[in-house]
Each structure stands twice: as structure tokens, then as C-alpha cells.
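Step one of this worksheet: look at the structure below.
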Amino acid sequence: MTRNDKSWQDLSQPWHYVEKWAEEKPEAEAFVFAGQRLGWSELKKKVDQTAKVFLEAGVERGDRVALISMARLEFPITYMATLKVGAMWMGLSPKYTVDELRYMIQDSRPKVLVSLRKYLETDLRGNLEILMKEFPFIKKVLIIGEPFPGTEEFEQFAFRPRNEWDEALESRSAQIDVDDDALLLYTSGSTGKPKGVVHSHKSIITNIKMQNEKFYFKPESRGICPFPINHVASCTEMLISSIMAGGCLVMMDVYDPVALLKIVGKEKITQFAQPPVLYLMEMKLPEFKQMDWSYVKIFLFAGAAAPKMMVDVLNDICQKTGAVMLTGYGSTETCGFITYSEKGDDLETLMKTAGKIAPPFELKIVDDQRREVQRGEVGEIAVRGDFLMKRYLNKPEETAKVVDEKGWHYTSDLAYQDERGYITITGRKSEMFKTGAENVFPLEIEGVLETHPSVLFAAVLGVPDEIYQEVGWAFVMLKPGQTTTQEELRALCKSRLANFKVPKRFFIRSLLPMTLSGKVDKVSLRAEAREILKQKY
């Protein structure tokens, strides 16, 4: 697209902001990775070059482009280039097995695949050759690293002149509609095979415009992203947030707590956003206590309940520096956050709630018949707004189950609202279990267990029982160097909970399996529980 073309000025699509900042502050840093610094003008140039590669490869409006990588410079370059040619971008983890990749590639049918050759010590060539052989709809494979037969090296191939495609790019980018498919994110698949969540330019812009207002992302903001690119935290909450704000995002392709803290200091990070598990891991390090936190303006946490220890430590820092703690709630289907806490909220609010809906977004709490319940009653969170996904890819029946004809999305998350409208998450509908005739919410029990001074994390599952239908099993992860006993944990639960909520078994561990998004991996724990039950009978 020529510099004279101003069709991007309505800022209705994410890539428009690359054009805006390339014109307004061309030399300012946009992205940093492993010592490489990419300014807005250079980003625009590389996006345009890559977009022309996609056109040359035959990518049409509505096609898919996939990137197998972690957070590095190719992430924003391929993402924005894909959107600029009217296609849908998807990120895939290099940690996926070939079977996981096969399922998502078969479901999404990308025309172009860009991939790392190696991630850590793993050579991805074998997996890529299998995908290339099985899926002829992949027309072009570009390798970040050493290519092999049938592929091209990404940088050398993409960043060469293709002036003959300038007009085609200008024409294509002018045809894109805000409702076109833009982003494909596969859910974690906790209740079966992952579902592909499709977002439009409109849903991305709608959500992140609100997020940047509520979380104070500005042109001078600097964020850090150590998260997988197949997660909504990376793809919208961090990358699109930074692009729309005109800030700078520092990326890491592997999470290393010591390295991360060094980068936070060296790069003068202003917006520090993580799930609680990562904060807690970092707080155990001597480097955390030695940090100069004066540049951090916002400490953001979400994705799990906020432990008191974490909030207390962050509050001490905020008291000294004037920084602010914020939290919220969202999901892949909502394109990120849709509820937010506010500056000035007390510590109890930050620990117990996930903020309140941001108008004009809408939220209600409903019962099993989808009727709105009274304030204070637990029910399912339902939300509505232009932030919402378009559909689950290739799954119209699944989409119809969770989005009604009036546009309300039923999230399967359980919560209640207080008189201020703030929501307190109590768990997932799929995690709630019945013991006898009573409903039990694992999150409530986990919260009690995590008040024990030796416990870092807890996960409670409902497992089959001959007498009570289901009973609770609790898996707890200890803080380093700490100990406890089943008797202690049972006594704590009995002192704080009704008897039917007290878990029947406790498993005390030094480590629990974790998901890439920093939550306890209950899918793995359920599989373990099934094996334990098999041995019993």
C-alpha cells in the first residue's frame, strides 16, 4: 500500500494502527525480542513485504495463515500481514505434538504455514514433513531457521522486493470488512477436543479499545509478553493492546522467571500483567526483592483467584511507588477482558472479585433456565457485546449451545454479583459436582485450602462415589520447604465449610501439573483420579 493511501484512517482494523504509528512516530520502538528492536516504520515495511508473500502464495480473503512459534518478532509481522490481506491468522505452539497439530491444521486448513525449525532442543522438521505430506491444502511453508526441501527460509524469502504485488495489496486491503474473520484461537479443550474460536476485526477492536482505557495502556506504555501465541493473553490482551496504544511490547519465547525480572528492569516495563502463579513463582526469587519497581505503573493479574500473599506483596510495592493493582475477567470467546476492577478498589475487592462489566458491554447472572437471578445468588455468567466471537469454526451446533438468538453468550463460568455489580467467580459449571443432593463448587474449597500457610495452590475435583454420587478429592501443592498433613487440611476445611463440602481425600504434592496459561491442569488430575479409581476396583 502506498504511503498516500489513507484508507486505514478510520482505525477499524488492527493493522490500521501499524499504519498510524508508522506515520506518526516511525522510529519509536514497537517490539523488542532477544536484543532486536523493531520500530513502527520498519514493522510496517516487514508487514507489507510479508503480506505480498501471502498474496503471491494464493492467499484469498477468508483463507487461513498459521504460525508455529512462540512470542518473537515473526508473531506481529505475520499476524498483521495476514489481516492486511483479509485472511485469518492463527498461532500454534511448538510444544504441540504432531497429533495436536494435525487436528488443528485439518480443522482450519491454512494455505500458508510459517514455523520455527527448532524450539529449545526440539527439531520440528519431522512434524512439519508429516503435515506437509498429509495436507496438500498447505501451499507454502516458510521456516524460521534452516529450511529443508519443500520449504523456504522465512526472512530471506519474505523480505525481498515484490513491487509487482503493490497494487494487488492496495486493492485487497481496501476490500476488507470489519466483520471479516481475523483471528482463530483454539480453546484448551478441557471438555473434549479444542474448539476454534473465530474473532473478527470488529470484536478485536471493540474489546481492546475498552481494555486500553480500563488498564491505562498509552503510547508511552511498555509491556512484556512471555506467553504462548495460541492464547488470548498474547494475541489480543498484549499484542493488539500494544499496537492500538502505540506502546512497545517486549517478547520472550520461553518463560524464565529470573530472565523475565531482569527484562522488566532493563526495559523499564510499565504494565506488568501475569496470572497469580507466575507472580508467586517470581516472589520466591532473591531477584524479586532486589528489583527497582519504580517504572511499573500497573500490576495486572487475572486467570485465577488472587492469593492474599501475592496481593500483600504487590500492595507493599504499590505503597512505595504509587503503582496500581488491577484485575478482571474474560475468556477466549470474549476476545479478552470484559470486566474490570477500578483504581482505588480495596484489597478485599481485588482478592475476592473480578471487577464489574464495562458499559456498553452487558452482563447478567442466570439460572439453569437462563433466567436472571437476584444479586448475591450464584449462577452462570452471560455476556453480550460486539467483543463476542463470531462462531466456533466448523461447529454450528456448538456455537448455538452457547450463543442465543439475542446475542447472549453463556460462558459456563459460575459467579455472583454484589450490590456494586462486581462479580465473584465461584467455578465452572463443568466443575461443579453433586454430593448427595448438595451442589459443591470446587473454587470455594480451593480458596479455603489456599489459606493454609504451607499451601501454594489447591485443586478440587468431583469423583464418582457409590454412596454419595460424587465426592471431592483435593490436590494441594506445597510452598517450597513447607509441610502439612491430611489431618491438618481436613481440620481446616471442617472449621470453615459445611461437612458435605469437606474433601474425602487429600493428595499433598510438591508440584502440580500446570497449563500454559498458569492454571492448575485439572484435565491431567482427572486422568490421574480415573487411574486411582481403577486400581481401587
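Bear in mind that the values in this text are calculations on the coordinates, not laboratory data. Since the structure is predicted, the reported quantities are computational estimates derived from the model, not experimental observations. Glycine gets a Cβ as well: all are built from the backbone with ideal geometry, and neighbour counts include every protein chain shown.
The one condition from (1) in contact (Cβ under 8 Å) with a residue 24 or more places away in the chain; (2) not in a loop (DSSP other than H, G, I, E, B) that Asp316 does not meet is (1).
Collect the residues in segment 52-67 that are part of a helix (DSSP H, G or I) and under 17 Å from Asp180 (Cβ atoms), keeping them in residue-number order. Scanning segment 52-67 gives Phe54, Leu55. Please determine whether any residue of segment 3-14 is within 17 Å of Phe75 (Cα to Cα), surrounded by 13 or more Cβ atoms within 10 Å (Cβ to Cβ) and in contact with a Lys or Arg (Cβ under 6 Å, 6 or more places away or on another chain). No, segment 3-14 has no match at all. The single condition from (1) buried (at least 19 other Cβ atoms within 10 Å of the Cβ); (2) of a type in the set (A, V, I, L, M); (3) within 26 Å of Lys522 (Cβ to Cβ); (4) out of contact with any Leu (no Cβ under 7 Å at 6 or more places or on another chain) that Met281 fails is (1).
Please verify whether Pro228 is in contact with a helix residue (DSSP H, G or I) (Cβ under 8 Å, 6 or more places away or on another chain), surrounded by fewer than 24 Cβ atoms within 10 Å (Cβ to Cβ) and not charged (D, E, K, R), treating the condition exactly as stated.
Yes, satisfied.
Exactly one residue out of Ile105, Ile138 is buried (at least 17 other Cβ atoms within 10 Å of the Cβ), in a helix (DSSP H, G or I) and touching a helix residue (DSSP H, G or I) at 6+ places or on another chain (Cβ under 8 Å): that is Ile105.
Scan segment 374-401 residue by residue and report those that are assigned to a loop (DSSP other than H, G, I, E, B) and either surrounded by 18 or more Cβ atoms within 10 Å (Cβ to Cβ) or touching a residue at least 40 places away in the same chain (Cβ under 8 Å) (or both). Once the filter is applied, which keeps residues that are assigned to a loop (DSSP other than H, G, I, E, B) and either surrounded by 18 or more Cβ atoms within 10 Å (Cβ to Cβ) or touching a residue at least 40 places away in the same chain (Cβ under 8 Å) (or both), segment 374-401 yields Arg375, Gly376, Val378, Gly385, Asp386, Phe387, Leu388, Met389, Lys390, Leu393, Asn394, Lys395. Tell me which residues, restricted to segment 142-155, are over 26 Å from the mean Cα position of the chain (by Cα) and part of a strand (DSSP E or B). Of everything in segment 142-155, those that are over 26 Å from the mean Cα position of the chain (by Cα) and part of a strand (DSSP E or B) turn out to be Glu152, Glu153. Applying the criterion of at least 1 residues that are of a type in the set (Gly, Ala, Ser) and either touching a residue at least 40 places away in the same chain (Cβ under 8 Å) or touching a strand residue (DSSP E or B) at 6+ places or on another chain (Cβ under 6 Å) (or both) to the strands (runs of 3 or more DSSP E) found wholly in segment 402-503 leaves 409-417, 423-428, 455-465, 469-478.
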